[in-house]
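Enquirer: If you scroll down you'll find the structure; I have some questions about it.
Values quoted throughout were computed directly from the atomic coordinates according to the rules given, and no laboratory measurement underlies them. Because the structure is predicted, anything quoted here is derived from the model rather than measured. Methodologically, a virtual Cβ is constructed for each residue, glycine included, from the backbone with ideal geometry; neighbour enumeration extends over all protein chains shown.
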Amino acid sequence: MTEDPLAKQPPENSNPYGQPQPPPQAPPQGQYGQQPTPYGQPQQGYGQPQPGYAGQGGPTGPFFISAMGGEQGPLDINQLAQMATGGSIKGETMVRTQQNQNWFPAKQVPGLFSQKEWLTTLLLSVLLGGLGVDRFYLGHIGLGIAKLVTLGGCGIWSIIDIVLVAMRKITDSDGRPLA
């Protein structure tokens, strides 16, 4: 009688040496059923730019402007910057992106307006303009020193700066209009 070769095979859950193996397990899962990410790799959703927002956390275009009960657009960031420099839009002008339907002030778009406030500049110009504090605040260090040394151009330069700030015709050291 010959032996059956299949009769001596080890069971399915054992290794070639005849020792039992644990049953196969599912691959490890991350939180909420996601696959774990290798070390150093960003998790899904983290570190990824969201649609409609720039890398600095600000919105990206195309933009739409709220104007006289309607909306104007689409406009890219360069067109918005030209409008801000020309005085067509102010920091309080409401804008939105194509992806985000919520309206927000134009001064929240990075690089469009100065980080310096218009009202703060006006108060500094009225109260301490003769000492050049308003020019120092805006980043115009050379003009601030000249205004300090001349005591505001004997007061004339101080009056001119008050008028320029009040009319929003003055910019910061980067050439951006005040918010």
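Enquirer: Considering segment 101-114 alone, what residues qualify as being hydrophobic (A, V, I, L, M, F, W, C) and part of a loop (DSSP other than H, G, I, E, B)?
Expert: Hits for segment 101-114 are Trp103, Val109, Leu112, Phe113.
Enquirer: Restricting to segment 143-179, name every residue that is over 30 Å from Ala106 (Cα atoms) and not in a loop (DSSP other than H, G, I, E, B).
Expert: Ile145, Ala146, Lys147, Leu148, Val149, Leu151, Gly152, Gly153, Cys154, Ile156, Trp157
Enquirer: Looking at segment 134-163, which of its residues are touching a Phe, Trp or Tyr at 6+ places or on another chain (Cβ under 8 Å) and under 24 Å from Ala179 (Cα atoms)?
Expert: Hits for segment 134-163 are Gly144, Lys147.
Enquirer: Follow-up question, since we're still on this one. Could you look through segment 134-145, keep only residues that are of a type in the set (A, V, I, L, M, F, W, C) and under 28 Å from Gly86 (Cβ atoms), and pick out the one that is surrounded by the most Cβ atoms within 10 Å (Cβ to Cβ)?
Expert: Leu138
Enquirer: Could I ask something else about it? What number of residues in segment 106-130 are surrounded by fewer than 17 Cβ atoms within 10 Å (Cβ to Cβ) and either hydrophobic (A, V, I, L, M, F, W, C) or in contact (Cβ under 8 Å) with a residue 40 or more places away in the chain (or both)?
Expert: Qualifying residue count, segment 106-130: 10.
Enquirer: Working only within segment 115-132, note down all residues that are in a loop (DSSP other than H, G, I, E, B) and closer than 10 Å to Asp161 by Cβ.
Expert: Within segment 115-132, Gly132 is the sole residue that qualifies.
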